[in-house]
1. Between residue 219 and residue 247, with labels modelled 7 Å along Cα→Cβ, what's the label distance in nm to one decimal, could you check?
2. Pairwise over distinct Cα atoms, reciprocal of the mean inverse distance: report the Kirkwood radius of region 145-289 in Å, one decimal place.
3. Taking every alpha carbon pair in region 24-286, what does the distance histogram look like in 10 angstrom bins from 0, in percent?
4. Go ahead and estimate [θ] at 222 nm for the chain from helices alone: -39,500 (n - 2.57) per DSSP H run with n ≥ 4, summed, over the residue count, rounded to 500.
5. What number results when the radius of gyration of region 24-89, computed over Cα atoms, is divided by 2.2 N^0.38 Å?
C-alpha cells in the first residue's frame, strides 16, 4: 500500500510497513517465531468492523502464500489476515513437526499464536477476541488441536487434510486421544464451547498418497495408535468427523473433486465457509436486542 507524498513520516511508515501485505514481524513473546499480515485498505475507517482470519502454514512453511491468497477475501469481506511462521527446528534439533502437536519441549505453540493475535491487535490499534482459523496439512494438525484447547477464542475453524488426527478419546493419551489433556496442558475439553464453534473439514478427493502419513515406530511423531484412524487423509478426516459429531459438534465436510494434496486448491471452499460464518456473525451483530 503506497503512502501519500504529503504524509508525515510516521504515517508513511505505517502505510508502507503496517498496512497491506506487511513484512514479517518477530513475535515479541519469542523472537524465534514470526508472522505477517494483510491489512485491507478500509481497515482504518472501521477497525471494529474487521474480523481476523489466521492462516496456519503446513510443513512447507508457505505462510506468505496463504496470506497472499487470502488477501482478496480479506479486502472484500473486511478481514485482517494473520499468517504465523513456526520455523523448522527452533530447539536446534531439526524437528519439523513440533508445532503440529502444540507442544515441543518448553514451547507451547498455542500460546505463541495467541500472543501473535494480541500483538497484531496492538500494532493495529484494536483488539481481536475470537477469530477464524484455517490450517491445511501440517496446519490442519495444528488447527484441530488448537480448537480442542481454545474453542472460546474461535468463531470458526477450517481443518484441512491433516496427516494424523487427535480424536476425542478419553481412552488414549495425547496426541492420539485426549485422556491426559488436563494434565499436559492445564485445560480440559469444553464440549459446550466446542459446539459453539463452526467447523469445516476439507480434503481433496484425490488426496490418496500414504507415503508421508504412515508413521513408522522410529518417527518423531509416532505413538501407539497413530495409524489406526485410516489409511489416507480422506479416511482420517472422516474419522475425525465421526469423533466430533459423536460429541455433538456439527461439521461441514467438503471432499473437493479432482484435488490431490494441495491446500491452495481448496481455498474456494474455505472462503465460502468463512463467508457464511461472517455473514451470520454480522447479521447477529445488527439484530436488535
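Each value in this text was obtained by applying a stated rule to the coordinates, not by laboratory testing. Model, not experiment: these values are computed from the prediction. As a convention, Cβ positions derive from the backbone with ideal geometry for all residues, glycine included, and neighbour counts pool all protein chains shown.
1. About 2.2 nm, to one decimal.
2. 16.4
3. Calculated P(r), rounded to whole percents: 7, 32, 38, 20, 3, 0.
4. -9500 deg cm²/dmol
5. Here the answer is 1.15, to two decimals.
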